[in-house]
Amino acid sequence: MLPLLPILPIAQTTPPPQEIVQPQTVRPLAGSLDAVPVFNSNSPEKVQTEGILLSTFPPDGKTSKSAHLNFPFRGRFDLFAHHVFQPTSPDDLRSLYLGVILHNPGKRSIRVDILQAASYLSQPDAPFAELPPVAENNLGAIFAGPGDRVMNEILRGQRQSSFPPQIIIPPGQSQMLFNLPIPVQGLEPPINGRSTYMRLRSSGTVYAASLAMYAPTDSTGKERSPTLAEWQQVLDTGDLAEPRDKTPTPPEQTSGKVVYGRVAGVAQGSQWRSQLVDNSGASSLSIPPSGEAFSYGLSLLNQGTLGTEQIQSAPLLVRYPDTAYRAHGNYGIQYSLSLPLQNNSDRDRTVTVSLQTPLKEDKLSKGGLRFFSSPAKQVFFRGTVRLRYNDDQNLPRTSYVHLVQTRGKQGEPLITLQMKPGDRRLVQLDFLYPPDATPPQVLTIGSQ
């Protein structure tokens, strides 16, 4: 008689999600980015040393000349900064301060207007809470993560009360635009992040730099904010902060794994305005035939153009050699889209407008957009969109909707309109592409 063999448990494996192919066209997005420069400080994302994150100062008189990109700002410009701090030793839980310094090289005082601004920590300001896929957010109280919260407030045109409406910089002098901590004491694990976005306008030429410094202490050992002189010392004698992020893949390389990299430089473009119509000479957008849909790509990037061959990533005017070649993801960029929908059929139609997160492809390998039939784990979009339109009673509506979409999510309709033959309805959609999101997405118009 053969000996009994132990019964081994059957390994439980999660089957891969089933794919759904939505046969439809994806159109390139009309319009383009504006020319507003954006100070984009996102590399290294995880900061663990003191030093320079991004400097547009001239290199003259600086110890590390290659850390200064010599790019002056004048008039309208934006600032985006997103960094995470995790101490290298559990015995040293000092806060890391982030500072942005502005310098006036001219012979007259200049004014820098802070038009809109928001800055939040992951803890305690905006923890990554689990939220439903769709939630009404007219009061602005729904967010998860600091980038989500910041973009929500900038979309509404707000300036956080901790920021003044303007700062004055005397000739030849510098001022701190902000000087804010990333604390980790009492957090488990000790890691925290800060996201900041500011829309600015300068009456003259300014240079800008974002810097990192461990919190100095006062005579009692209590942490205090660094002084302007201490920040100036980091700017003048410091090197680039560590550790450096992964080196990006050159854009001309089209095979193998793509590393997009993190951004540290000045991007060109703060807003993408678009009037979505049938063609360049048209004034309306014809809804699709019953049972069909079409989409427009959002935040399209190289090797992720969904068959449109359109790259929407903002170009970089200056950058560090080991950082991203373009501002992939367009974090903080506002998409302002107008859809003058028209029902050109002879029947009533139910029209839907949706934001979706299809699987990334450069070419549509299966003749349409690919989605998963069940939710994936990775969150690829988490943010608020604003919709303005006339409802079915012809009353003007403005609604803010918070969305959470995982990879391959088809997404629920943002609005549903009942359109009679010949009916025309203007829909306006605005959102700021949120940090921590992963492109691309699409805006889809469907009809029944």
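The numbers here are math on the coordinates, done by the rules we state, and not lab data. What you see is a predicted model, and the numbers here were worked out from it, not measured in a lab. Cβ placement follows ideal geometry from the backbone for every residue including glycine, while neighbour counts extend to all protein chains displayed.
Projecting the Cα atoms of Ser161, Gly238, Ser174 onto the dipole axis of region 154-243, where Lys and Arg carry +1 and Asp and Glu carry -1 at the beta carbon, places Ser161 farthest toward the positive end. Across the chain, the mean sequence separation of Cα contacts (distance under 8 Å, 6 or more residues apart), normalised by length, yields a relative contact order of 23 percent.
Each part gets one Cα centre, and for region 233-251 versus region 191-217 those centres are 16 Å apart. A Gaussian network model of the chain, with springs between Cα atoms under 10 Å, assigns the largest mean-square fluctuation among Pro434, Pro358, Pro59 to Pro59.
What list do you get for Lys366, Lys377, Lys409 if you sort them by fewest beta carbons within 10 Å? Provide the component values of the computation, followed by the final result.
Values: Lys366 13, Lys377 8, Lys409 22.
Result, fewest neighbours first: Lys377, Lys366, Lys409.
How far, in degrees from 0 to 90, does helix 146-155 lean away from the longest principal axis of the Cα atoms of the chain, to the nearest 10? It is inclined by approximately 80 degrees.
Positive contributions from Lys and Arg (+1) and negative ones from Asp and Glu (-1), summed over other residues with Cβ under 10 Å from the Cβ of Arg262, come out at 0.
Please get the size of the charge dipole for region 44-237, origin at its Cα centre, with Cβ charges of +1 on Lys and Arg and -1 on Asp and Glu, quoted in debye to the nearest 20.
Working: 17 positive and 17 negative charges, 200 e Å.
Here the size comes out at about 960 debye.
For the residues Asn152, Asn330, Asn279, a GNM of the chain with alpha-carbon springs under 10 Å puts the largest fluctuation on Asn279.
Helix-only estimate, please: 222 nm mean residue ellipticity of the chain, summing -39500 (n - 2.57) across DSSP H runs of length 4 or more and dividing by its residues, to the nearest 500. Display every interim value, and only then the final one.
Values: 2 runs with 20 residues, N = 448.
Rounded to the nearest 500, the figure is -1500 deg cm²/dmol.
At what distance in angstrom do the alpha carbon centres of region 375-434 and region 283-361 lie from each other? When both Cα centres are located, 13 Å separates them.
One way to sum up the overall shape of the chain is the equivalent ellipsoid from its Cα gyration tensor, whose semi-axes run 40, 30, 21 Å, largest first.
Straight-line reach from Lys363: which lysines have a Cα under 24 Å away, not including same-chain ones fewer than 8 places off? Qualifying lysines at Cα under 24 Å: Lys257, Lys409. Principal axis analysis of the Cα atoms in region 44-237 yields extents of 53, 42, 32 Å, listed in decreasing size. Beyond 29 Å in Cα-Cα separation lie the following of the pairs Lys46/Lys366; Lys377/Lys420; Lys62/Lys222; Lys62/Lys246; Lys46/Lys222; Lys46/Lys107: Lys46/Lys366; Lys377/Lys420; Lys62/Lys222; Lys46/Lys107. Springs between Cα atoms under 10 Å define the GNM used for the chain, and in it the highest mean-square fluctuation of Leu369, Leu387, Leu355 occurs at Leu387.
Among Pro421, Ala118, Phe431, pick out the residue whose Cα is farthest towards the positive end of the charge dipole of the chain, where Lys and Arg carry +1 and Asp and Glu carry -1 on C-beta, about the Cα centre. Ranked along the dipole, the leading option is Pro421.
Given N residues in region 216-271, what is Rg(Cα) / (2.2 N^0.38 Å)? Each step should come with its number before you reach the end.
Values: Rg = 18.8 Å, N = 56, 2.2 N^0.38 = 10.2 Å.
Scaled against compact globular proteins, the figure is 1.86.
How big is the charge dipole of the chain about its Cα centre, in debye rounded to the nearest 20, if each Lys and Arg gets +1 on its Cβ and each Asp and Glu gets -1 on its Cβ? If you can, show how the numbers build up before the last one.
Numbers: 41 positive and 37 negative charges, 168 e Å.
Its charge dipole is roughly 800 debye.
Think of the chain as a dipole: +1 on every Lys or Arg Cβ, -1 on every Asp or Glu Cβ, centred on the Cα centre; then among Ala135, Phe57, Ala81, Phe57 lies furthest on the positive end. Relative to the dominant Cα principal axis of the chain, helix 228-237 is inclined by about 80°.
So which trypsin sites (Lys or Arg not before Pro) in region 167-239 are both in a DSSP loop and have at most 10 other Cβ atoms within 10 Å of their Cβ? Before the final figure, lay out the partial values.
Numbers: sites: Arg194, Arg199, Arg201, Lys222, Arg224; in loops: Lys222, Arg224.
Loop-located and lightly packed - Lys222.
For region 44-237, averaging the sequence separation of C-alpha pairs within contact (under 8 Å, six or more residues apart) and dividing by the residue count gives a relative contact order of 40 percent.
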